[in-house]
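*Asks:* Sharing a structure, written as structure tokens. Questions coming.
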Amino acid sequence: MLKEGLSSIVFDNEITVYWNRIVSLGENDFYRVYLNDDLVSETKKTHFEFFGLKPETEYNIKVELKTGADTVFVGGECFTTKKSPVRIDVTKAPYNAIGDGVTLNTAALQKALDDCNAGEAVYFPAGTFLTGALDLHSNTEIIIDKGATIKGSEHIEDYLPFIKSRSEGLNMMCYRALLNMGELDENSGYNCENIVIRGGGAVIGGGLPLQVAMEAEGLIIKKDYIDSLSEEQLKEFECGPKTIAGRLRGRLVNISNTKNVILSNIDFADGPYWNIHFIYSDSVITKSCKVRSVHLHNGDGWNPDSSTNCVCFNTDFDTGDNCIAIKSGRNPDGNRINRPTENINIFDCHVTSGGGFAIGSEMSGGVKDVAMWNISCEYGSVGFQLKTTRKRGGYIKHVRMYDSIVPNFNIKTALGYNNDGESAGVLSRVDDIICENCVITGKRYVRSNNEGDPEYSGAVVPAIAILGFNDRVDLIDNVVIRNCRVRQTEAQGQNILINNFNGVTIENLKVK
């Protein structure tokens with residue numbers, strides 16, 4: 001969980017504070033935020049951002065909770081803003097990058113990144129800077145100004161050579177991402193640290209054309225393997241050969257074995273695969289961003305994978321798959337590597353459309369200590385979903401979901417897709433899960449095009465579905481659904497579907 005008191009992100013002209021949820025807020029409850037003893041905001045969110053501050057200046061910040069007649073001290077601290085970094089302008093000599101959206105700037109931008117030292121920042125002024133894959137080293141800061149875009153090429157040759165990565169839970173060689181940090185090593189700690197990407201601009205991938213090109217080339221690269229599989233084996237893959245080929249795709253942002261990453265106030269969009277993927281990493285903080293990937297296959301938004309102490313807040317998602325998918329490897333590879341994902345906090349986020357907030361299905365290394373609160377996901381296709389298969393093994397435990405609106409709440413243990421590969425030899429365990437003070441609509445929304453709003457699909461889905469293994473009812477235990485409201489909808493089928501469990505408690509559930 002978050003530390004006691006206030007956590008913070010401090011730049012030269014900006015301070016963001018965030019804190020743990022204390023209670024479910026009533027209609028008249030709120031947090032008070034003070035700057036130098038002056039009240040600056042009353043908010044129901046558990047974060048606040050101060051802009052327009054002076055560099056190298058002390059600021060006293062305090063937060064308290066006003067609930068009924070009581071006032072509760074949340075935290076207070078004196079923060080000092082940082083010294084402004086020296087800006088390395090990519091459009092100036094010796095780099096001379098051209099932001100016309102046409103000129104390929106890979107070499108110039110890579111040189112600017114290589115030249116960046118602690119206390120400096122690679123600066124992108126307004127313009128569209130076309131590039132292939134870029135590599136970031138430790139102690140790199142990138143400032144992408146409002147109106148500036150780092151735009152990924154649509155050509156697969158700009159993302160070579162392949163790098164070590166993990167795709168759908170399996171360690172393998174893949175195309176490089178647009179932005180890459182760290183080198184994947186399942187047996188070691190962190191080989192990259194202290195990365196900041198901020199500024200109000202955008203990082204836009206090669207989108208659908210790049211996705212199609214990488215999948216087509218992947219079919220050629222994996223042809224011998226695909227041909228070696230029987231018809232029954234191919235059925236274990238979600239989309240058959242396309243899934244096998246698609247696992248080679250690069251991400252938008254690839255973070256491997258990296259510690260201390262801040263992604264702040266950036267529009268991330270249109271990666272050819274998952275957008276922000278971090279593996280064997282620690283303290284990846286994403287705040288006040290947008291993540292967009294509508295109509296892109298497997299277009300997940302934010303994926304912690306065998307990573308720890310990561311936070312996502314005040315971020316908008318409009319994705320072609322899960323908005324957030326928490327992972328830790330696939331059987332038996334994930335069991336062998338045995339690096340769990342732990343201590344993940346997600347709050348004050350909004351979903352325009354997308355597949356909600358998932359744990360799994362690649363969770364063979366284990367997932368624990370996850371907290372999500374104040375999530376607005378009414379128009380998603382999925383809400384909160386914990387998912388595994390008979391082959392995965394591993395565990396999901398100590399998960400908390402509070403104060404949110406979602407289409408559904410699911411725990412599913414026998415998914416029928418992407419169940420390829422060897423079995424872990426044991427079944428997954430799901431334990432100590434709480435869903436409290438949430439509105440569950442029972443309605444799935446989908447987007448029919450890039451411009452329109454999400455529309456009700458008409459699909460009848462259980463608002464609550466907890467489906468355990470039919471031969472091991474003891475593996476789902478200590479699940480509590482408390483003080484939640486299920487909306488009764490027209491043509492609603494079974495609102496609640498619960499099978500094959502050991503311990504599920506439903507307290508004060510309202511259906512109306």
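*Asks:* Taking the C-alpha atoms of the chain, how large are the radius of gyration and the largest Cα-Cα span, Dmax, in Å?
*Replies:* Gyration radius and largest Cα-Cα distance of the chain: 22.8, 70 Å.
*Asks:* Based on Cα positions only, what radius of gyration and what Dmax would you give for the range 368-512, in angstroms?
*Replies:* 15.6, 46
*Asks:* Can you list the HN-Hα couplings for the range 24-36, worked out from phi with the Karplus curve (6.51, -1.76, 1.60; θ = phi - 60°), rounded to whole Hz and with x for Gly and Pro?
*Replies:* Values per residue, Gly and Pro as x: 6, 7, x, 4, 9, 9, 6, 9, 9, 10, 10, 10, 6 Hz.
*Asks:* Based solely on C-alpha atoms, express the radius of gyration and the Dmax of the range 96-170 in angstrom.
*Replies:* 13.5, 40
*Asks:* Okay, next question. Mean residue ellipticity at 222 nm from the helices of the chain, using -39,500 (n - 2.57) per DSSP H segment of n ≥ 4 over the full residue count, to the nearest 500 deg cm²/dmol?
*Replies:* On the way: 6 runs with 46 residues, N = 512.
That comes out to -2500 deg cm²/dmol.
*Asks:* With the alpha-carbon atoms as the only input, what is the per residue convex hull volume for the range 52-93 in Å³? Before the final figure, lay out the partial values.
*Replies:* On the way: hull volume 4.8 nm³, N = 42.
For the range 52-93, the hull spanned by Cα atoms encloses 113 Å³ per residue.
*Asks:* What's the percent breakdown of Cα-Cα distances in the range 229-309 across 10 Å bins, shortest bin first?
*Replies:* 17, 41, 28, 12, 2
*Asks:* Here is a further query. Taking only the alpha-carbon atoms of the range 271-372, what semi-axes of the equivalent ellipsoid follow from 5 times the gyration tensor eigenvalues under a square root, in whole Å, largest first? It would help to have the intermediate numbers written out before the result.
*Replies:* Working: eigenvalues 93, 47, 21 Å².
Equivalent ellipsoid semi-axes, largest first: 22, 15, 10 Å.
*Asks:* To one decimal place, what orientation-averaged projected area in nm² is obtained for the convex hull of the Cα set of the range 163-302? Could you put the intermediate results ahead of the total?
*Replies:* Numbers: hull surface 34.0 nm².
That works out to 8.5 nm².
*Asks:* Based only on Cα atoms, what mean projected area does the convex hull of the range 1-140 have, in nm²? Write out the running numbers ahead of the final one.
*Replies:* On the way: hull surface 45.3 nm².
Its Cα hull, projected and averaged over all orientations, spans 11.3 nm².
*Asks:* Also, I was wondering about something else. Below 8 Å, C-alpha to C-alpha, sequence gap of six or more: please give me the relative contact order for the range 82-186 in percent. Kindly include the intermediate steps, with their values, before the conclusion.
*Replies:* Numbers: 205 pairs, mean separation 24.2, N = 105.
For the range 82-186, the relative contact order is 23 percent.
*Asks:* In addition: Before I look further, what does the chain give for accessible area per residue, probe 1.4 Å, in whole square angstrom?
*Replies:* Numbers: 19750 Å² over 512 residues.
Per residue, the chain has an accessible area of 39 Å².
*Asks:* Starting with the highest mean, order 465-471, 299-305, 139-145 by the number of other Cβ atoms within 10 Å, averaged over the residues of each peptide. Please list the in-between numbers first.
*Replies:* On the way: 465-471: 17.4, 299-305: 29.1, 139-145: 21.1.
Final packing ranking: 299-305, 139-145, 465-471.
*Asks:* Taking θ = phi - 60°, what integer Hz values does the Karplus form 6.51 cos²θ - 1.76 cosθ + 1.60 yield along the range 264-271, in sequence order, with x for Gly and Pro?
*Replies:* 10, 6, 10, 8, 9, 8, 6, x
*Asks:* In sequence order, what are the phi-derived ³J(HN,Hα) couplings for the range 275-292 according to the Karplus relation 6.51 cos²θ - 1.76 cosθ + 1.60 with θ = phi - 60°, rounded to whole Hz, with x for glycine and proline?
*Replies:* Values, residue by residue: 8, 10, 10, 10, 10, 6, 10, 9, 6, 9, 10, 10, 9, 6, 10, 10, 10, 10 Hz.
*Asks:* Within the range 148-279, what percent of beta bridges assigned by DSSP are antiparallel, to the nearest 5? The partial results should precede the final answer.
*Replies:* Values: 5 of 24 bridges.
Around 20 percent antiparallel, to the nearest 5.
*Asks:* Between Leu160 and Asp114, take the C-beta separation as r, use R0 = 22 Å, and let me know the FRET efficiency to the nearest 0.05.
*Replies:* Working: r = 19 Å, r/R0 = 0.85.
Computed FRET efficiency for Leu160 and Asp114 comes out at 0.75.
*Asks:* Let me have the relative contact order for the chain, percent, based on Cα pairs under 8 Å that are six or more residues apart. Write out the running numbers ahead of the final one.
*Replies:* Working: 1587 pairs, mean separation 40.2, N = 512.
It rounds to 8 percent for the chain.
*Asks:* Let me check I've understood the local charge: for Asn60, count other residues with C-beta under 11 angstrom from its C-beta, Lys and Arg +1, Asp and Glu -1. What total comes out?
*Replies:* Numbers: positive: Lys62; negative: Asp37, Asp38, Glu58, Glu77.
Taking every other residue near Asn60 into account, the sum is -3.
*Asks:* Could you pull out every residue, at least 5 positions away or on a different chain, whose amide H is within less than 5 Å of the one on Val439? Hs are placed 1.01 Å off N in the peptide plane, and Pro or chain starts have none.
*Replies:* Those qualifying (amide H under 5 Å, at least 5 residues apart or on another chain) are Ser404, Ile405, Val406, Arg485.
*Asks:* Could you list log10 I(q)/I(0) for the range 353-439 at q = 0.11 Å⁻¹, which the Debye formula gives when each Cα is one point scatterer?
*Replies:* Debye intensities relative to I(0), on a log10 scale: -0.30.
*Asks:* Tyr395's amide H: which non-local residues (gap 5+, or another chain) put their own amide H closer than 5 Å, with H modeled 1.01 Å from N in plane and none for Pro or chain starts?
*Replies:* Gly366, Val367, Arg429
*Asks:* For the range 333-385, calculate the relative contact order in percent as a whole number, restricting contacts to Cα pairs under 8 Å that are 6 or more residues apart. Don't skip to the end; give the middle numbers.
*Replies:* Values: 89 pairs, mean separation 26.2, N = 53.
Across the range 333-385, relative contact order equals 49 percent.
*Asks:* Checking the table Lys45/Lys512; Lys327/Lys397; Lys44/Lys387 against a 19 Å threshold on Cα-Cα, which pairs fail?
*Replies:* Working: Lys45/Lys512 27 Å; Lys327/Lys397 13 Å; Lys44/Lys387 31 Å.
With Cα atoms farther than 19 Å apart: Lys45/Lys512; Lys44/Lys387.
*Asks:* Looking at the range 30-67, which GluC sites (Glu not before Pro) are DSSP coil and have at most 16 other C-beta atoms within 10 Å of their C-beta?
*Replies:* Values: sites: Glu42, Glu49, Glu56, Glu58, Glu64; in loops: Glu56.
Listed in order of number, the matching sites are Glu56.
*Asks:* What is the mean projected area of the alpha carbon convex hull for the range 389-431, to one decimal in square nanometres?
*Replies:* Working: hull surface 15.4 nm².
The number I arrive at for the range 389-431 is 3.8 nm².
*Asks:* Taking all protein chains in place and a 1.4 Å probe, what share, in percent, of the accessible surface of the chain do carbon and sulfur account for? Mind showing how you got there, number by number?
*Replies:* Numbers: 9290 of 19750 Å².
So the carbon and sulfur contribution to the accessible surface is 47 percent.
The values are calculated or read from the model by the stated rules, or taken from the named source; none is laboratory data. Values in this document were obtained by computation on a predicted structure and should not be read as measured data. Neighbour counts run over all protein chains shown; Cβ positions are idealised from the backbone, glycine included. Quick note on the areas: whole protein, heavy atoms, side chains included, nothing else; ligands and nucleic acids left out. Shrake-Rupley method; radii C 1.70, N 1.55, O 1.52, S 1.80 Å.
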